[in-house]
1. Rounded to two decimal places and with Rh computed the Kirkwood way over Cα pairs, what is Rg over Rh for segment 9-90?
2. Over the Cα atoms of segment 70-134, Rg to Rh with Kirkwood Rh, two decimal places?
3. Can you grab the distance from the C-alpha centre of segment 162-219 to the C-alpha centre of segment 36-72, Å, no decimals?
4. Take each of the peptides 196-207, 73-84, average the number of other beta-carbon atoms within 10 Å over its residues, and list them starting from the highest.
5. To the nearest 0.05, how large is the calculated FRET efficiency for residue 221 and residue 280 if R₀ is 30 Å and r is the Cβ-Cβ distance?
6. Report residue 268's accessible area, 1.4 Å probe, all protein chains in place, as a number in Å² to the nearest 10.
7. Please give, to one decimal in nm, the separation of the simple spin-label points placed at residue 71 and residue 294, each 7 Å out from Cα toward the Cβ.
Amino acid sequence: MALPAPRWLRREVLVGLALGQFVSLLITSTGFSSSELARRGVNAPTSQSLLNYILLALVYGGIMIYKRQLLTVKWYYYLILSIVDVEANYIVVKAYQYTSLTSVMLLDCWAIPCVLFLTWIFLKTKYGLRKLFGVGICVAGVVLVVFSDVHASERKSKGPSPLKGDMLVIAGATLYAVSNVTEEYIVKKSSRIEVMAMLGVFGAIISGIQISILEREELRSTEWNASAVLPFIGFALAMFLFYSTVPIILKICGATMLNLSLLTSDMWAVLIRIFAYHEKVDWMYFVAFAGTAIGLIIYSYKYLSQAHN
């Protein structure tokens, strides 16, 4: 009699792992698109996200209308979620004007301890010492990236103002954490279709208002050729696919495996920097990556060991 396949070899887990690498590449591609636009002098971070919100509103809003689905959560919860999400995207995309692609990808790890803290305070989630120790190692890796940028700012590859860019990424990652926790709270009371639709509607409205105030002149002065339009479209499509895929991964594997999968986006970013930009990467980046990887493995050890039983 054949033994059943272990849990970690089951089809749904393998699908979840494959989708995890898919969204990891999507995150890397959004970073690549933002970095390319910054290199070409295009400064319109809100405009980059607008098309993504429009796609979410059209696709998932269309599904809601077709199904005649009514809202199950008050509209102002979605308004708050959308404001935080729009500003998080704005700040992180803005950071590409000041620091390197690799720094942005690594410093995004700051969202992890923020999520843990917010879920502990507001959702009453409990965390053991092992998880907290893993988070501490992740934070140490983040600090190491900032230290590297401050003490190696003379290299042009770092960007014109590395420390400013790093601080923007940390601020944006904090807002991402607030957005994720808020979305987790709403999803438990609603459906994925409703959340994506309302995030798209309010996100598009807020982005449109912000563009009219902050980026109107920038859009007028930009020369809209293929080198400017293609990164815009690529960013929007990658973001739309990312927003649409993440809930599926959460259902199959959970948030821990999602975070582990997204961690590989840091190494994809390093490869892009080496092979696409032909730039040298500071050795501290690899140490920081190793630290964040070890920290996340320690944090998720319990779930990984359970998956192999």
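The values are calculated or read from the model by the stated rules, or taken from the named source; none is laboratory data. Remember, it's a predicted structure, so these values are computed and weren't measured experimentally. A quick note on method: Cβ atoms are made from the backbone with ideal geometry, for glycine too, and the neighbour counts reach across all protein chains shown. With ligands, DNA and RNA removed, areas are computed over all heavy atoms of the protein, side chains included. Shrake-Rupley method; radii C 1.70, N 1.55, O 1.52, S 1.80 Å.
1. Rg/Rh: 1.07.
2. Radius of gyration relative to Kirkwood radius: 1.09.
3. Cα centroid of segment 162-219 versus Cα centroid of segment 36-72: 11 Å apart.
4. Answer by packing, highest mean first, reads 196-207, 73-84.
5. 0.35
6. Answer for residue 268: close to 90 Å² accessible.
7. 4.9 nm
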